[in-house]
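Enquirer: I have a structure I would like to understand better, so I am pasting it below and will then ask my questions one at a time.
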Amino acid sequence: MVVPKGMPIMCFVICAGILAACSRDSDDGLRARLDQWFFLGETVYFKSQMRCTAAMYDLTIPTPRPSLPVQSTPNQAKNAFDGGEVSALQMPGYSPNDLTDAMLLEGRGTMGKESLAAGAQAVPCFEGSPARTRLRDALTRPGATMVYDRGTDALIILDPEARLLFYVAGDVW
């Protein structure tokens, strides 16, 4: 069989286009969504596959925008979670891990359970990346803000000390 000249290049272009269409998110699309709530700087890490997305952004200002109300108790966060698309929780002296535990122990588990699931499902998108270690640091840093975005089933962590924002999301099939 004779392959027409130029055929391998055309096949590569078609295959690359199909694989790109299998990504869960695009950096530009995700940035547009997150920019409504956070002061984003440069993209430090971004990986999106068919079943997960992981991203890490520098922050120009390490606080949420006023458009994202941040709750200060698990009960307030649960009410915000039940009534809207995005819920944020930050308590002095508590890390996002502590916040999740507090929500689960106080019977406010839905936001905590969904946040844990989003993080666990995004593990393949962090494999072998230095962003994985930085995310672990943020998850255990007291004073970090935990956000759950129902619109994308994503856990978002704002680490004010490191001036970083993490986005993790995955799908269950």
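Bear in mind these aren't lab numbers, they're just calculated from the coordinates by the rules spelled out. Everything numeric in this text was worked out from a predicted model, so none of it was measured. Counting neighbours? That spans all protein chains shown, and the Cβs are built from the backbone with ideal geometry, glycine included.
Enquirer: Can you tell me the length gained on complete extension of the stretch LEU116 to GLN36, counting 0.36 nm per residue apart and subtracting the Cα distance?
Expert: Full-extension gain reported as 26.5 nm.
Enquirer: Here is a follow-up. With a ≥ b ≥ c taken as the square roots of the eigenvalues of the C-alpha gyration tensor of region 72-173, please select rounded if a/c is under 1.5 and otherwise prolate if a/b is larger than b/c or oblate if it is not?
Expert: On the way: a/c = 1.83, a/b = 1.21, b/c = 1.51.
Because a/c hits 1.5 or more and a/b fails to exceed b/c, region 72-173 counts as oblate.
Enquirer: Sticking with this one: Could you give the length gained on full extension between VAL44 and THR140, defined as 0.36 nm per residue of separation minus the Cα-Cα distance, in nm?
Expert: 32.5 nm is the gain from fully extending VAL44 to THR140.
Enquirer: Could you sort 32-38, 163-169 so that the peptide with the highest average Cβ count within 10 Å comes first and the rest follow in order? Mind showing how you got there, number by number?
Expert: Details: 32-38: 16.4, 163-169: 24.7.
Ranked from most to least packed, the peptides come out as 163-169, 32-38.
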